[in-house]
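The values are calculated or read from the model by the stated rules, or taken from the named source; none is laboratory data. The structure presented is a predicted model; accordingly, all values stated were derived computationally and were not measured. No Cβ is skipped: glycine too gets one built from the backbone with ideal geometry, and neighbour counts run over all protein chains shown. The protein model used for the area step is the full one, side chains on, heavy atoms only, and it has no ligands, DNA or RNA in it. Shrake-Rupley method; radii C 1.70, N 1.55, O 1.52, S 1.80 Å.
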Amino acid sequence: MEPLLAIRGLNVRFGPSERPVPAVADVDLDVAPQEIVGIAGESGSGKSTLCGAIMRTLVRTARVSGEVMFSGRSLLTLNDGEMARLRGRELSMVLQNPMTSLDPLYTIGNQVEEVLRERRRDGAGLRPGGAIEVLRRVHLTAPELRVRQYPHQLSGGMRQRVLVGMATAAAPKLLIADEPTTALDASIQDEILILFRELRETAGSAVIIVTHDLSAIRRLSDRVVVMYAGRIVEEGPTGEVFRAPRHPYTRALLASLPRIEGDEVHLEPIPGQVPDLASLPPGCAFAARCPVAKDICRGQRPPESVVADRHRLFCWRAEETA
Ligand SMILES: Nc1ncnc2c1ncn2[C@@H]1O[C@H](COP(=O)(O)OP(=O)(O)OP(=O)(O)O)[C@@H](O)[C@H]1O
Ligand SMILES: [Mg+2]
């Protein structure tokens with residue numbers, strides 16, 4: 001099947017050119033229509049930068065190169081007007097902090113209506129019911145009251161539901177959710193995640209979800225992408241990667257998940273720290289923390305190993321971890 005999103009050789013660098021910070025390096029990634037892809041990796045691994053490069057929301061000083069094809073269009077070469085038209089319609093994003101994504105000066109109803117108006121202008125068939133119906137679909141309590149309220153009158157969880165509702169109403173071909181539930185209570189997190197699945201069912205959207213919550217990725221996504229120091233280190237079908245992770249970093253990440261055995265909670269934090277992107281070693285960036293690293297790992301960047309259909313990793317020890 002033709003991918004909806006095809007990223008090739010994507011690089012994003014911040015900072016001065018004499019001492020660049022390669023926040024995203026040599027990323028290739030495909031997302032199929034209606035596919036849910038989870039992106040995992042420790043803080044600073046480049047997840048948000050990757051999302052920002054796709055949405056073209058990075059700071060102007062970011063140096064972006066490579067190719068991002070979305071639904072037959074090359075996103076990195078569209079002009080700002082064309083990009084703005086795509087955003088919020090075919091391509092939308094839900095961010096970690098819902099307060100900054102809603103306009104404090106307009107009521108919730110006004111803002112949801114605006115999305116609906118855009119869709120009507122596009123000639124899209126709309127379910128009747130308007131803003132109240134949109135809010136009801138995301139299980140917001142008292143939607144008749146909420147449409148008349150302003151963002152500051154809603155809790156964080158409610159605001160996030162409103163944003164997911166707006167994303168649903170826009171029925172984008174691709175929704176990018178960057179840590180959409182981090183600021184929310186655990187009880188609300190699950191409900192929001194279920195809404196993403198519903199979005200796929202009702203609107204036929206593909207979803208890229210970035211989260212530190214690996215168990216959410218396990219439950220929600222079709223495919224998982226693991227990033228480390230700006231690079232994809234492993235990518236594969238979710239069930240397969242969780243059952244038999246191949247990259248030592250993926251293994252370490254999964255071992256760092258809390259496990260409950262009897263009355264005890266076990267977790268093994270990954271020893272060491274993420275490297276400074278401005279002075280990366282020549283070889284594998286994970287080598288310094290890797291329990292199975294050998295000399296070549298420190299000296300040369302690992303090549304791609306294809307494990308199975310759509311399952312690949314970048315590791316010199318790929319043979320041994322089978
Ligand atoms: N505007 C910027 N200017 C300079 N460096 C930046 C900028 N934005 C991000 N970076 C750097 O790029 C790297 C990747 O950051 P990014 O926010 O993409 O990571 P992340 O995986 O999303 O982390 P987190 O899990 O904490 O959200 C970090 O080293 C960060 O300091
Ligand atoms: Mg981030």
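Computed extension gain for ILE194 through ARG310, at 0.36 nm per residue and net of the alpha carbon distance, reaches 39.2 nm.
Each Lys or Arg adds one and each Asp or Glu subtracts one; over the other residues with Cβ under 13 Å from the Cβ of GLU144, this totals +2. Each peptide among 52-59, 216-223, 66-73, 33-40 gets the average number of other Cβ atoms lying within 10 Å of its residues, and from highest to lowest they stand as 33-40, 216-223, 52-59, 66-73.
Could you give the length gained on full extension between MET1 and SER71, defined as 0.36 nm per residue of separation minus the Cα-Cα distance, in nm? Write down the numbers at each step before the final one.
Values: separation 70, 0.36 × 70 = 25.20 nm, distance 1.24 nm.
Between MET1 and SER71, full extension yields 24.0 nm more.
In deg cm²/dmol and to the nearest 500, what is the mean residue ellipticity at 222 nm of the chain if only DSSP H runs of at least 4 residues count, each as -39500 (n - 2.57), divided by the residue total?
Working: 12 runs with 105 residues, N = 322.
Computed mean residue ellipticity for the chain: -9000 deg cm²/dmol.
Size of the chain from its Cα atoms: along the principal axes, largest to smallest, the extents are 63, 55, 38 Å. Put simply, the amide H of VAL307, placed in the peptide plane, has neighbours under 5 Å in ARG312, LEU313, leaving out anything fewer than 5 places away on its chain. Each 5 Å bin from zero up to the one holding the largest Cα-Cα distance in the stretch 218-322 carries the following percent of pairs: 2, 12, 21, 23, 19, 13, 6, 2, 1.
Taking ALA62, ALA308, ALA285 as the candidate residues, the one with maximal mean-square fluctuation in a Gaussian network model of the chain, Cα springs under 10 Å, is ALA308.
Comparing ALA32, ALA84, ALA206 in a Gaussian network model of the chain where C-alpha atoms under 10 Å apart are linked, the largest mean-square fluctuation is found at ALA84. Normalised per residue, the accessible area of the chain is 47 Å², obtained with a 1.4 Å probe and no contribution from ligands, DNA or RNA.
Here the label points at ILE296 and VAL59, each 7 Å from Cα along the C-beta direction, are separated by 3.9 nm in the simple model. Relative contact order, whole percent, for the chain stands at 20, derived from Cα pairs under 8 Å and 6 or more residues apart. Would you work out what percent of the accessible area of the chain, with all protein chains in place, is carbon or sulfur (probe 1.4 Å)? Whole-percent figure for carbon plus sulfur exposure: 52. Shape class of the stretch 71-228 from the alpha-carbon gyration tensor: oblate, with a/c at 1.5 or above and b/c at least as large as a/b.
Starting from 0.36 nm per residue, how many nanometres of slack lie between ALA244 and ALA142 once their C-alpha separation is accounted for? List each step's numbers first, then the result.
On the way: separation 102, 0.36 × 102 = 36.72 nm, distance 4.51 nm.
Separation in residues times 0.36 nm, less the Cα-Cα distance, equals 32.2 nm.
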